[in-house]
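Novice: First, the structure itself, so that you have it in front of you.
The values are calculated or read from the model by the stated rules, or taken from the named source; none is laboratory data. Treat the numbers as computed from the prediction; the structure is a model and nothing was measured. All Cβ positions, even for glycine, are placed from backbone atoms using ideal geometry, and neighbour counts span all protein chains on display.
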Amino acid sequence: MNKNINQETKNQESGIDNVSQKENSISQVVKDTKNQVENLTEDFSEAKKIILNIFKEQKIEDLYSLKKNLPTYRFMYLLSEKNLGEQNAKIVEKYVFSLIKEKSKSQSISHQDMRNIAKDVGLIEYSEEEQKSKFFDLLKKNLLDAKNLTYEKFIKKSPIWDHTCTQYVIEKALGYNRGRNTFKEEDFLGFYLYINGKIQAKDYKTEKFKETARGKREILSSLKTREIGKNFTDFFKQNGFETYYDFYFSNVANFKDLLSKNPELEQFYYDVTCQSINKISHYFMLVFAQRIGYEEYETKELKKELLDFLVKNLDFLDDESSNLEDFYKMIYLNNKARYC
(Lines give C-alpha, C1' and ligand atoms only; values in the text may rest on other atoms or scores of the structure.)
Protein backbone atom coordinates (compact mmCIF):
# COMPACT_ATOMS: atom_id res chain seq x y z
CA MET A 1 0.00 0.00 0.00
CA ASN A 2 2.92 2.35 0.89
CA LYS A 3 4.40 1.58 -2.54
CA ASN A 4 1.15 2.65 -4.22
CA ILE A 5 1.06 5.87 -2.20
CA ASN A 6 4.69 6.63 -3.05
CA GLN A 7 4.06 5.94 -6.74
CA GLU A 8 0.97 8.16 -6.71
CA THR A 9 2.98 10.93 -5.04
CA LYS A 10 5.70 10.61 -7.68
CA ASN A 11 3.10 10.77 -10.46
CA GLN A 12 1.59 13.91 -8.95
CA GLU A 13 5.01 15.51 -8.62
CA SER A 14 5.81 14.53 -12.20
CA GLY A 15 2.53 16.05 -13.37
CA ILE A 16 3.29 19.26 -11.50
CA ASP A 17 6.73 19.38 -13.11
CA ASN A 18 5.18 18.93 -16.58
CA VAL A 19 2.65 21.69 -15.95
CA SER A 20 5.41 23.91 -14.63
CA GLN A 21 7.53 23.21 -17.70
CA LYS A 22 4.60 24.01 -20.01
CA GLU A 23 3.91 27.23 -18.13
CA ASN A 24 7.57 28.19 -18.40
CA SER A 25 7.53 27.32 -22.11
CA ILE A 26 4.39 29.41 -22.73
CA SER A 27 5.83 32.23 -20.65
CA GLN A 28 9.02 32.17 -22.72
CA VAL A 29 7.05 32.22 -26.00
CA VAL A 30 5.00 35.19 -24.77
CA LYS A 31 8.17 36.95 -23.65
CA ASP A 32 9.93 36.29 -26.98
CA THR A 33 6.88 37.47 -28.92
CA LYS A 34 6.63 40.60 -26.79
CA ASN A 35 10.31 41.33 -27.39
CA GLN A 36 9.86 40.84 -31.13
CA VAL A 37 6.87 43.19 -31.19
CA GLU A 38 8.72 45.78 -29.13
CA ASN A 39 11.74 45.55 -31.42
CA LEU A 40 9.53 45.78 -34.49
CA THR A 41 7.67 48.79 -33.08
CA GLU A 42 10.95 50.46 -32.19
CA ASP A 43 12.30 49.87 -35.70
CA PHE A 44 9.10 51.22 -37.26
CA SER A 45 9.18 54.25 -35.01
CA GLU A 46 12.73 54.98 -36.12
CA ALA A 47 11.80 54.34 -39.76
CA LYS A 48 8.90 56.79 -39.54
CA LYS A 49 11.21 59.45 -38.11
CA ILE A 50 13.64 58.92 -40.99
CA ILE A 51 10.87 59.20 -43.60
CA LEU A 52 9.36 62.27 -41.91
CA ASN A 53 12.78 63.93 -42.02
CA ILE A 54 12.98 63.12 -45.73
CA PHE A 55 9.60 64.77 -46.31
CA LYS A 56 10.70 67.80 -44.29
CA GLU A 57 13.90 68.17 -46.32
CA GLN A 58 11.88 67.90 -49.55
CA LYS A 59 9.31 70.45 -48.25
CA ILE A 60 6.52 67.89 -48.42
CA GLU A 61 3.94 69.26 -45.98
CA ASP A 62 0.88 67.15 -46.76
CA LEU A 63 -0.58 64.63 -49.22
CA TYR A 64 -1.22 67.34 -51.82
CA SER A 65 2.43 68.42 -51.94
CA LEU A 66 3.43 64.75 -52.00
CA LYS A 67 1.34 64.20 -55.12
CA LYS A 68 2.57 67.34 -56.85
CA ASN A 69 6.21 67.55 -55.85
CA LEU A 70 7.65 64.10 -55.19
CA PRO A 71 7.86 61.55 -58.05
CA THR A 72 8.02 57.91 -56.98
CA TYR A 73 11.45 57.34 -58.54
CA ARG A 74 12.82 60.23 -56.45
CA PHE A 75 11.17 58.83 -53.33
CA MET A 76 12.77 55.41 -53.94
CA TYR A 77 16.19 57.05 -54.26
CA LEU A 78 15.67 58.98 -51.01
CA LEU A 79 14.93 55.68 -49.23
CA SER A 80 17.92 53.92 -50.75
CA GLU A 81 21.17 52.87 -49.08
CA LYS A 82 23.00 55.34 -51.31
CA ASN A 83 21.12 58.21 -49.66
CA LEU A 84 20.47 56.89 -46.14
CA GLY A 85 23.40 54.61 -45.46
CA GLU A 86 23.21 50.85 -44.90
CA GLN A 87 21.75 50.78 -41.38
CA ASN A 88 18.98 53.36 -41.91
CA ALA A 89 18.11 51.93 -45.32
CA LYS A 90 17.54 48.48 -43.75
CA ILE A 91 15.30 49.97 -41.03
CA VAL A 92 13.23 51.85 -43.61
CA GLU A 93 13.07 48.90 -46.03
CA LYS A 94 11.68 46.61 -43.32
CA TYR A 95 8.97 49.16 -42.50
CA VAL A 96 8.06 49.96 -46.12
CA PHE A 97 7.61 46.33 -47.14
CA SER A 98 5.50 45.66 -44.04
CA LEU A 99 2.99 48.11 -45.58
CA ILE A 100 3.16 46.82 -49.14
CA LYS A 101 3.50 43.10 -48.52
CA GLU A 102 2.18 42.08 -51.94
CA LYS A 103 5.29 43.50 -53.65
CA SER A 104 8.78 42.10 -53.86
CA LYS A 105 11.87 44.22 -53.20
CA SER A 106 12.69 44.26 -56.91
CA GLN A 107 9.40 45.98 -57.81
CA SER A 108 8.90 49.72 -58.00
CA ILE A 109 6.81 51.61 -55.46
CA SER A 110 3.63 53.07 -56.98
CA HIS A 111 2.27 56.52 -56.16
CA GLN A 112 -0.47 54.86 -54.10
CA ASP A 113 2.17 52.92 -52.11
CA MET A 114 3.99 56.20 -51.46
CA ARG A 115 0.72 57.85 -50.41
CA ASN A 116 -0.03 54.96 -48.00
CA ILE A 117 3.43 55.28 -46.45
CA ALA A 118 3.00 59.06 -46.12
CA LYS A 119 -0.39 58.64 -44.42
CA ASP A 120 1.05 56.04 -42.04
CA VAL A 121 3.88 58.33 -40.93
CA GLY A 122 1.45 61.18 -40.28
CA LEU A 123 0.93 63.26 -43.43
CA ILE A 124 -2.69 64.33 -43.88
CA GLU A 125 -4.94 65.63 -46.65
CA TYR A 126 -6.24 69.13 -45.91
CA SER A 127 -9.64 70.19 -47.23
CA GLU A 128 -10.05 73.14 -49.58
CA GLU A 129 -11.21 75.36 -46.70
CA GLU A 130 -8.26 74.30 -44.53
CA GLN A 131 -5.79 75.08 -47.33
CA LYS A 132 -7.38 78.50 -47.86
CA SER A 133 -7.25 79.20 -44.12
CA LYS A 134 -3.54 78.31 -44.06
CA PHE A 135 -2.98 80.59 -47.04
CA PHE A 136 -4.76 83.53 -45.34
CA ASP A 137 -2.61 82.99 -42.23
CA LEU A 138 0.44 83.05 -44.48
CA LEU A 139 -0.67 86.36 -46.01
CA LYS A 140 -1.07 87.88 -42.54
CA LYS A 141 2.41 86.73 -41.49
CA ASN A 142 3.74 88.53 -44.55
CA LEU A 143 1.70 91.68 -43.79
CA LEU A 144 -0.64 91.20 -46.74
CA ASP A 145 -4.41 91.41 -46.94
CA ALA A 146 -6.44 89.35 -49.42
CA LYS A 147 -8.82 92.19 -50.30
CA ASN A 148 -6.04 94.71 -50.97
CA LEU A 149 -3.67 92.24 -52.62
CA THR A 150 -2.09 93.28 -55.92
CA TYR A 151 -0.12 91.30 -58.48
CA GLU A 152 3.12 93.16 -57.66
CA LYS A 153 2.81 92.61 -53.90
CA PHE A 154 2.02 88.93 -54.35
CA ILE A 155 4.94 88.26 -56.69
CA LYS A 156 7.48 90.11 -54.53
CA LYS A 157 6.71 88.16 -51.33
CA SER A 158 8.99 85.19 -52.03
CA PRO A 159 8.36 83.35 -48.68
CA ILE A 160 4.72 82.84 -49.71
CA TRP A 161 5.74 80.78 -52.72
CA ASP A 162 7.58 78.19 -50.63
CA HIS A 163 4.36 76.85 -49.08
CA THR A 164 2.06 74.09 -50.31
CA CYS A 165 -1.11 76.05 -49.51
CA THR A 166 -0.09 78.72 -52.06
CA GLN A 167 0.37 76.12 -54.76
CA TYR A 168 -2.96 74.50 -53.83
CA VAL A 169 -4.95 77.78 -53.85
CA ILE A 170 -3.52 78.85 -57.22
CA GLU A 171 -4.41 75.50 -58.79
CA LYS A 172 -7.94 75.62 -57.35
CA ALA A 173 -8.42 79.17 -58.63
CA LEU A 174 -7.11 78.66 -62.15
CA GLY A 175 -7.56 74.95 -62.79
CA TYR A 176 -3.84 74.54 -63.52
CA ASN A 177 -0.48 74.97 -61.77
CA ARG A 178 1.55 78.16 -61.71
CA GLY A 179 4.87 78.78 -59.98
CA ARG A 180 6.34 82.14 -59.05
CA ASN A 181 8.22 82.37 -62.36
CA THR A 182 5.20 81.39 -64.47
CA PHE A 183 2.41 83.22 -62.60
CA LYS A 184 1.44 86.05 -64.98
CA GLU A 185 -0.56 89.20 -64.44
CA GLU A 186 -3.40 87.74 -66.51
CA ASP A 187 -3.60 84.85 -63.99
CA PHE A 188 -4.01 87.21 -61.05
CA LEU A 189 -7.64 88.22 -61.67
CA GLY A 190 -9.00 84.68 -61.33
CA PHE A 191 -6.78 84.05 -58.34
CA TYR A 192 -7.93 87.27 -56.63
CA LEU A 193 -11.62 86.52 -57.27
CA TYR A 194 -11.24 83.01 -55.87
CA ILE A 195 -9.47 83.89 -52.61
CA ASN A 196 -12.02 86.65 -51.96
CA GLY A 197 -14.98 84.31 -52.45
CA LYS A 198 -16.24 85.86 -55.71
CA ILE A 199 -15.99 82.62 -57.70
CA GLN A 200 -15.75 78.90 -56.92
CA ALA A 201 -12.74 76.71 -57.61
CA LYS A 202 -11.85 76.46 -61.32
CA ASP A 203 -14.74 78.74 -62.43
CA TYR A 204 -12.30 81.42 -63.55
CA LYS A 205 -10.95 79.38 -66.39
CA THR A 206 -14.37 78.69 -67.84
CA GLU A 207 -16.30 81.85 -66.88
CA LYS A 208 -13.82 84.74 -66.65
CA PHE A 209 -10.66 83.80 -68.49
CA LYS A 210 -12.62 82.89 -71.62
CA GLU A 211 -13.16 86.61 -72.24
CA THR A 212 -9.48 86.96 -73.25
CA ALA A 213 -8.10 85.82 -76.60
CA ARG A 214 -5.69 83.42 -74.90
CA GLY A 215 -8.52 82.08 -72.78
CA LYS A 216 -10.68 81.41 -75.82
CA ARG A 217 -7.86 79.49 -77.49
CA GLU A 218 -7.29 77.38 -74.37
CA ILE A 219 -10.96 76.55 -73.93
CA LEU A 220 -11.48 75.72 -77.60
CA SER A 221 -8.40 73.50 -77.46
CA SER A 222 -9.69 71.83 -74.27
CA LEU A 223 -13.14 71.24 -75.77
CA LYS A 224 -11.60 69.83 -78.96
CA THR A 225 -9.41 67.47 -76.92
CA ARG A 226 -12.41 66.17 -74.99
CA GLU A 227 -14.43 65.80 -78.19
CA ILE A 228 -11.71 63.68 -79.82
CA GLY A 229 -11.28 61.79 -76.55
CA LYS A 230 -14.89 60.61 -76.78
CA ASN A 231 -13.90 58.54 -79.83
CA PHE A 232 -11.72 56.41 -77.57
CA THR A 233 -14.14 56.11 -74.63
CA ASP A 234 -15.44 52.68 -75.68
CA PHE A 235 -11.89 51.47 -76.26
CA PHE A 236 -10.85 52.49 -72.74
CA LYS A 237 -13.99 51.00 -71.17
CA GLN A 238 -13.37 47.69 -72.93
CA ASN A 239 -9.92 47.70 -71.35
CA GLY A 240 -11.15 48.46 -67.83
CA PHE A 241 -10.85 52.27 -67.70
CA GLU A 242 -14.25 53.37 -66.40
CA THR A 243 -13.07 56.23 -64.15
CA TYR A 244 -10.07 58.45 -63.45
CA TYR A 245 -9.10 56.08 -60.63
CA ASP A 246 -8.74 53.17 -63.05
CA PHE A 247 -5.99 55.21 -64.71
CA TYR A 248 -4.57 56.04 -61.27
CA PHE A 249 -4.06 52.39 -60.37
CA SER A 250 -3.04 51.26 -63.83
CA ASN A 251 0.44 49.93 -64.45
CA VAL A 252 2.43 52.31 -66.68
CA ALA A 253 3.94 49.46 -68.72
CA ASN A 254 0.49 47.97 -69.38
CA PHE A 255 -0.89 51.38 -70.38
CA LYS A 256 2.04 51.85 -72.77
CA ASP A 257 1.31 48.45 -74.37
CA LEU A 258 -2.34 49.44 -74.72
CA LEU A 259 -1.48 52.66 -76.58
CA SER A 260 1.03 50.93 -78.84
CA LYS A 261 -1.72 48.62 -80.12
CA ASN A 262 -3.71 51.60 -81.41
CA PRO A 263 -1.70 54.00 -83.66
CA GLU A 264 -4.46 56.64 -83.65
CA LEU A 265 -4.62 56.61 -79.87
CA GLU A 266 -0.83 56.72 -79.62
CA GLN A 267 -0.77 59.84 -81.81
CA PHE A 268 -3.61 61.39 -79.81
CA TYR A 269 -1.71 60.79 -76.57
CA TYR A 270 1.26 62.65 -78.06
CA ASP A 271 -0.97 65.53 -79.22
CA VAL A 272 -2.45 65.90 -75.73
CA THR A 273 0.68 65.51 -73.59
CA CYS A 274 3.51 66.38 -76.04
CA GLN A 275 5.16 63.17 -74.81
CA SER A 276 5.94 60.05 -76.82
CA ILE A 277 4.85 56.76 -75.29
CA ASN A 278 8.53 55.89 -74.81
CA LYS A 279 8.62 58.62 -72.16
CA ILE A 280 5.27 57.76 -70.64
CA SER A 281 4.99 58.19 -66.87
CA HIS A 282 2.30 57.81 -64.23
CA TYR A 283 2.00 61.61 -64.01
CA PHE A 284 1.39 62.14 -67.75
CA MET A 285 -0.97 59.18 -67.82
CA LEU A 286 -3.15 61.05 -65.29
CA VAL A 287 -2.76 64.35 -67.18
CA PHE A 288 -4.00 62.57 -70.30
CA ALA A 289 -6.97 61.07 -68.43
CA GLN A 290 -8.03 64.46 -67.05
CA ARG A 291 -7.70 66.25 -70.37
CA ILE A 292 -9.92 63.79 -72.20
CA GLY A 293 -12.65 64.12 -69.58
CA TYR A 294 -11.95 61.71 -66.72
CA GLU A 295 -12.48 63.75 -63.56
CA GLU A 296 -10.77 63.46 -60.20
CA TYR A 297 -13.35 63.60 -57.42
CA GLU A 298 -13.26 65.89 -54.40
CA THR A 299 -12.69 64.14 -51.04
CA LYS A 300 -16.39 64.42 -50.08
CA GLU A 301 -17.50 62.81 -53.35
CA LEU A 302 -15.03 59.97 -52.86
CA LYS A 303 -16.26 59.34 -49.33
CA LYS A 304 -19.83 59.19 -50.64
CA GLU A 305 -18.73 56.69 -53.30
CA LEU A 306 -17.10 54.55 -50.61
CA LEU A 307 -20.21 54.64 -48.41
CA ASP A 308 -22.44 53.71 -51.37
CA PHE A 309 -20.08 50.86 -52.20
CA LEU A 310 -20.15 49.56 -48.61
CA VAL A 311 -23.96 49.83 -48.46
CA LYS A 312 -24.24 47.75 -51.64
CA ASN A 313 -22.05 45.10 -50.01
CA LEU A 314 -23.77 44.92 -46.61
CA ASP A 315 -24.49 41.21 -47.08
CA PHE A 316 -20.77 40.55 -47.41
CA LEU A 317 -19.97 42.67 -44.35
CA ASP A 318 -22.63 40.88 -42.27
CA ASP A 319 -21.29 37.46 -43.27
CA GLU A 320 -19.46 36.09 -40.21
CA SER A 321 -17.28 33.89 -42.41
CA SER A 322 -15.79 36.98 -44.13
CA ASN A 323 -12.35 38.06 -42.95
CA LEU A 324 -10.18 41.14 -43.33
CA GLU A 325 -8.29 39.71 -46.30
CA ASP A 326 -11.58 39.10 -48.15
CA PHE A 327 -12.64 42.66 -47.34
CA TYR A 328 -9.42 44.07 -48.83
CA LYS A 329 -9.91 41.97 -51.96
CA MET A 330 -13.45 43.34 -52.29
CA ILE A 331 -12.22 46.94 -51.91
CA TYR A 332 -9.48 46.38 -54.50
CA LEU A 333 -12.13 45.51 -57.09
CA ASN A 334 -13.42 49.10 -56.94
CA ASN A 335 -10.67 51.64 -57.62
CA LYS A 336 -12.64 54.60 -56.26
CA ALA A 337 -13.18 52.78 -52.97
CA ARG A 338 -9.57 51.62 -53.03
CA TYR A 339 -8.33 55.21 -53.47
CA CYS A 340 -10.25 56.25 -50.33
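Novice: Out of all the residues in the stretch 115-125, is one or more polar (S, T, N, Q), more than 21 Å from the chain's Cα centre (by Cα) and not assigned by TED's automatic domain parsing to the domain that holds L286?
Specialist: no
Novice: Further, regarding this structure: Hey, does the stretch 77-86 have a residue that's touching a residue at least 24 places away in the same chain (Cβ under 8 Å) and among the hydroxyl-bearing types (S, T, Y)?
Specialist: no
Novice: Taking L314 as the residue in question, decide whether it is modelled with pLDDT of 80 or more and either among the aliphatic types (A, V, I, L, M) or surrounded by 17 or more Cβ atoms within 10 Å (Cβ to Cβ) (or both).
Specialist: no
Novice: Is there a residue being surrounded by 13 or more Cβ atoms within 10 Å (Cβ to Cβ) and more than 30 Å from N196 (Cα to Cα) anywhere in the stretch 120-135?
Specialist: Taking every residue of the stretch 120-135 in turn, at least one turns out to be surrounded by 13 or more Cβ atoms within 10 Å (Cβ to Cβ) and more than 30 Å from N196 (Cα to Cα).
Novice: Please find, among S65, S45, S25, the residue that is more than 30 Å from Y283 (Cβ to Cβ), modelled with pLDDT of 60 or more and in a helix (DSSP H, G or I).
Specialist: S45
Novice: When Y176 is evaluated against the numbered criteria (1) surrounded by fewer than 15 Cβ atoms within 10 Å (Cβ to Cβ); (2) assigned to a loop (DSSP other than H, G, I, E, B); (3) in the same structural domain as K59 (by TED's automatic domain parsing), which criterion, by number, is the only one it fails?
Specialist: All conditions are met except number (3).
Novice: Now a separate question. Tell me yes or no: at least one residue of the stretch 78-87 is outside the structural domain of K184 (by TED's automatic domain parsing), outside any helix (DSSP H, G or I), touching a helix residue (DSSP H, G or I) at 6+ places or on another chain (Cβ under 7 Å) and exposed (fewer than 13 other Cβ atoms within 10 Å of the Cβ).
Specialist: no
Novice: Tell me which residues, restricted to the stretch 237-290, are basic (K, R) and assigned to a loop (DSSP other than H, G, I, E, B).
Specialist: The one that is basic (K, R) and assigned to a loop (DSSP other than H, G, I, E, B): K261.
Novice: Would you check which residues across the stretch 185-196 are without any contact (Cβ under 8 Å) to a residue 60 or more places away in the chain, touching a helix residue (DSSP H, G or I) at 6+ places or on another chain (Cβ under 9 Å) and not aromatic (F, W, Y) and list them?
Specialist: Hits for the stretch 185-196 are E185, E186, D187, L189, G190, L193.
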